[in-house]
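Visitor: Pasting a structure below so you can have a look.
Every number here is computed from the coordinates shown, using simple stated rules; none is lab data. These numbers come from a predicted model, not from an experiment. All Cβ positions, even for glycine, are placed from backbone atoms using ideal geometry, and neighbour counts span all protein chains on display.
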Amino acid sequence: MLKWKKKYEVGIPIIDEQHKQLFKIIDRAYKLLRRHSTDKYDETLEILDELVAYSKMHFETEERIMKENNYPNFKEHKASHDKFLMEVEEIITKAIHDVDDNMLRKILNILVEWLIGHIYGNDKDMGITIRNMNKNL
């Protein structure tokens, strides 16, 4: 189970709201894992597709905000987004014909580890820097 905590906030409201939504999607996937159903394949793929699509939209939002505020670490931050999406899509492509609870758990663990690490590192730094540059946020 993955629950949003106040300590994850970066201080940019739209980004915090989108992070909360990512946590909700991942939590739904964990709940699916706990369900004792043998036919989770379609639901699993739907959640993974939703997670990738929402992540892309979220990254576009972050990148737009970084560009609008001339964030000095934009290139590095964007590169981490690009690498993450490439790795996740590669894992999902490999798993698409063999999605089971273990594979879903592996994908979710990678997502959670990356998301929390990214929020605590890159996003917190971005939030502090942009808030200091733009007092309107």
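Visitor: How large is the helix-only mean residue ellipticity at 222 nm for the chain, computed as the sum of -39500 (n - 2.57) over DSSP H runs with n ≥ 4, divided by its residue count, in deg cm²/dmol to the nearest 500? Could the numbers behind the result be given before it?
Guide: Numbers: 5 runs with 100 residues, N = 137.
It lands at -25000 deg cm²/dmol.
Visitor: Go ahead and run the numbers for FRET between D101 and A79, Cβ-Cβ distance against an R0 of 22 Å, rounding to 0.05. Mind showing how you got there, number by number?
Guide: On the way: r = 32 Å, r/R0 = 1.47.
Between D101 and A79 the formula returns 0.10.
Visitor: Sticking with this one: Run the dipole for the range 57-137 about the Cα centre, Lys and Arg Cβ at +1, Asp and Glu Cβ at -1, nothing else charged, and hand back the magnitude in debye, nearest 20.
Guide: It comes to approximately 440 debye.
Visitor: Please enumerate, by chain and number, the aspartates and glutamates with C-alpha under 12 Å from the C-alpha of K3, excluding those fewer than 8 residues away in the same chain.
Guide: D27
Visitor: While we're looking at this one, here's another question. Kyte-Doolittle mean at least -0.5 and Cα extent at least 15 Å along the axis: which DSSP H helices of the chain qualify?
Guide: 13-34, 101-118
Visitor: While we're on this one: Taking K5 as the anchor, which lysines have their alpha carbon closer than 16 Å to its alpha carbon, excluding any fewer than eight residues away along the same chain?
Guide: Cross-link targets: K20, K24, K124.
Visitor: So how strong a dipole does the chain carry about its Cα centre when Lys and Arg Cβ are +1 and Asp and Glu Cβ are -1, to the nearest 20 debye? Write down the numbers at each step before the final one.
Guide: Values: 23 positive and 25 negative charges, 147 e Å.
Dipole magnitude for the chain comes out near 700 debye.
Visitor: Additional query: Once R0 is set to 22 Å, what does the formula 1/(1 + (r/R0)^6) return for the Cβ-Cβ distance between R35 and I110, expressed as a FRET efficiency to the nearest 0.05? Don't skip to the end; give the middle numbers.
Guide: Numbers: r = 21 Å, r/R0 = 0.96.
The calculated FRET efficiency here is 0.55.
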